[in-house]
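I'd like to ask you about the structure that follows.
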Amino acid sequence: DTCDDAICVKTQPQGRSCEDVAVTNCVLRTACVALKLGANESFQDMRNVVMSNCTVRGSHRAIGIYSFNGATVENVSVDNVVCDTRAALMCTRPIHIDLRHRDRSRAPGAIRNVRMNGLLATSNGRCLLTAAPGQMLEDILLRDVILRYPCVDDPALSAERIGGGQFSAENPWARQERAALVVENARNLQIDNFCPRWPTSPTVPADWTFARKAANGTQAWFSPADWQLAVDVPFAAVSARNVQGGCLDTRNLSGYQGAEPLCEQGCSWEL
């Protein structure tokens, strides 16, 4: 039970790689990231990591995988996670993967060979898979991800004003895109049985109602007008930009408020 990251695999500039890690059978409550690899401390490689059989409550991000400073993050398996993002925080994300090249004194890093299987999430936010321009996430598999929405927050209203160093800073399109799953710059992405379940009522449930929310990692505060989705604003199931190779199972995709299930820009994958 913590306000900061709960379980986090990191590597330091003068350290060694972090390999062969198993995390299982955990009950976690955090206002930040529950199961995390990298971010600011991603200087050396991280590989051969298994995270499984966990429940997560009140998290800003249930699963976060990041390489900002040259680390190769590979061979990661996340299985059987039940989570919710019910927190007074902006732009929650059940899944967030982000690849950047922030430390230019080091060679670019990579995120590849990542499998997420069996995620049951209750959320008002989106899953984001992003790589900075010129980089690509590689060989990512999402299977059996069920995302239930008691309500939907609108990222386009405030994404430009939300700071913090772990919000896909080099992908402004993805930060604001209205979809349950947003992907930008990926190679060989496979999505099998991704199931958004949209709100059944326009009324926000009482336990998901907040007078104000904070932006994670900053001291900025926002009011409901900064996140509430208008009733006539469409929200897609999947929106993808520059996905090269892989396949998308479209059988269980549905849009919200009249949206098409799938939006694509510059993609070449099998549907």
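Out of all the residues in region 187-212, which are in a helix (DSSP H, G or I) and either surrounded by fewer than 17 Cβ atoms within 10 Å (Cβ to Cβ) or touching a strand residue (DSSP E or B) at 6+ places or on another chain (Cβ under 8 Å) (or both)? Full working, then the answer.
Let us first name the residues in region 187-212 that are in a helix (DSSP H, G or I), namely 206-208.
Selection gives 206, 207.
Now for a separate question. Restricting to strands (runs of 3 or more DSSP E) lying wholly in region 2-102: which have 2 or more residues that are of a type in the set (Val, Ile, Thr)? If you could, list the steps in order and put the result at the bottom.
Values: elements: 7-11, 18-29, 33-42, 46-57, 61-67, 72-84, 93-99.
Result: 7-11, 18-29, 46-57, 61-67, 72-84, 93-99.
Quick grid of which residues meet (1) surrounded by fewer than 19 Cβ atoms within 10 Å (Cβ to Cβ); (2) of a type in the set (Phe, Trp, Tyr); (3) over 13 Å from the mean Cα position of the chain (by Cα):
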| position | (1), (2), (3) |
| --- | --- |
| 61 | no, no, no |
| 111 | no, no, yes |
| 117 | yes, no, yes |
| 128 | no, no, no |
| 141 | yes, no, yes |
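While we're on this one: Name the single residue that is farthest from the chain's Cα centre (by Cα) among those in region 70-83 being surrounded by fewer than 24 Cβ atoms within 10 Å (Cβ to Cβ) and of a type outside the set (D, E, K, R). Lay out the reasoning, then the answer.
From region 70-83, those surrounded by fewer than 24 Cβ atoms within 10 Å (Cβ to Cβ) are 70, 72, 74-75, 77, 79-80, 82; that's our starting set.
Imposing the further condition that a residue be of a type outside the set (D, E, K, R) reduces the set to 70, 72, 75, 77, 80, 82.
On the way: 70: 20, 72: 18, 75: 18, 77: 15, 80: 16, 82: 15 Å.
That would be 70.
Now a separate question. Under the condition of being touching a Gly at 6+ places or on another chain (Cβ under 6 Å) and either at pLDDT 95 or above or part of a strand (DSSP E or B) (or both), which residue from region 213-236 is farthest from residue 131 (Cα to Cα)?
Only one residue fits best here, namely 234.
Return yes or no: is residue 197 more than 24 Å from residue 110 (Cα to Cα), touching a helix residue (DSSP H, G or I) at 6+ places or on another chain (Cβ under 8 Å) and touching a residue at least 40 places away in the same chain (Cβ under 8 Å)? Before you say what the answer is, go through the steps one by one.
On the way: more than 24 Å from residue 110 (Cα to Cα): yes; touching a helix residue (DSSP H, G or I) at 6+ places or on another chain (Cβ under 8 Å): no; touching a residue at least 40 places away in the same chain (Cβ under 8 Å): yes.
In short, no.
Mind listing whichever residues of region 22-69 are farther than 16 Å from residue 89 by Cα and of a type in the set (S, T, N, Q)?
Passing the criteria: 24, 25, 40, 42, 44, 48, 52, 53, 55, 67, 69.
Right, something else. Criterion first (in contact with a His (Cβ under 8 Å, 6 or more places away or on another chain) and either touching a residue at least 60 places away in the same chain (Cβ under 8 Å) or under 20 Å from residue 98 (Cβ atoms) (or both)) does residue 49 satisfy it? Quick ask: steps written out before the conclusion?
Numbers: in contact with a His (Cβ under 8 Å, 6 or more places away or on another chain): no; either touching a residue at least 60 places away in the same chain (Cβ under 8 Å) or under 20 Å from residue 98 (Cβ atoms) (or both): yes.
No.
Looking at region 154-186, which of the residues that are of a type in the set (Asp, Glu) and not in a loop (DSSP other than H, G, I, E, B) is farthest from residue 91 (Cα to Cα)? Even if it seems obvious, please write down each step before you answer.
Keep residues of region 154-186 that are of a type in the set (Asp, Glu), which gives 154, 160, 170, 177, 184.
Still in the running and not in a loop (DSSP other than H, G, I, E, B): 160, 184.
Values: 160: 11, 184: 17 Å.
Here the residue is 184.
Out of curiosity, is residue 254 outside any strand (DSSP E or B), surrounded by fewer than 19 Cβ atoms within 10 Å (Cβ to Cβ) and under 20 Å from the mean Cα position of the chain (by Cα)?
Working: outside any strand (DSSP E or B): yes; surrounded by fewer than 19 Cβ atoms within 10 Å (Cβ to Cβ): yes; under 20 Å from the mean Cα position of the chain (by Cα): yes.
Yes, satisfied.
If you take the residues of region 227-245 that are of a type outside the set (Phe, Trp, Tyr) and buried (at least 19 other Cβ atoms within 10 Å of the Cβ), which of them is nearest to residue 141 (Cα to Cα)? Outline the logic, then answer.
Narrowing region 227-245 to residues of a type outside the set (Phe, Trp, Tyr): 228-234, 236-245.
Subsequent filtering for residues that are buried (at least 19 other Cβ atoms within 10 Å of the Cβ) retains 229, 236-241, 243.
On the way: 229: 29, 236: 20, 237: 17, 238: 15, 239: 16, 240: 15, 241: 17, 243: 13 Å.
Step by step, filter region 227-245, then rank; the result is 243.
Another question, then. Let me confirm something: among 93, 86, 100, which residue is within 24 Å of residue 221 (Cα to Cα), of a type in the set (Lys, Arg), buried (at least 17 other Cβ atoms within 10 Å of the Cβ) and out of contact with any Cys (no Cβ under 8 Å at 6 or more places or on another chain)?
Being within 24 Å of residue 221 (Cα to Cα), of a type in the set (Lys, Arg), buried (at least 17 other Cβ atoms within 10 Å of the Cβ) and out of contact with any Cys (no Cβ under 8 Å at 6 or more places or on another chain) holds for just one of 93, 86, 100, which is 86.
On to the next question. Restricting the first residue to region 10-31 and requiring it to be closer than 18 Å to residue 71 by Cβ, which pairs with a second residue that is among the hydroxyl-bearing types (Ser, Thr, Tyr) and part of a loop (DSSP other than H, G, I, E, B) meet a Cβ separation below 7 Å and a spacing of at least six or different chains?
Pairs that qualify, where the first residue is closer than 18 Å to residue 71 by Cβ and the partner is among the hydroxyl-bearing types (Ser, Thr, Tyr) and part of a loop (DSSP other than H, G, I, E, B), are 11/17.
The values are calculated or read from the model by the stated rules, or taken from the named source; none is laboratory data. The structure displayed is predicted, hence computed values, not measured ones. Cβ atoms come from the backbone with ideal geometry, glycine included; neighbour counts cover every protein chain shown.
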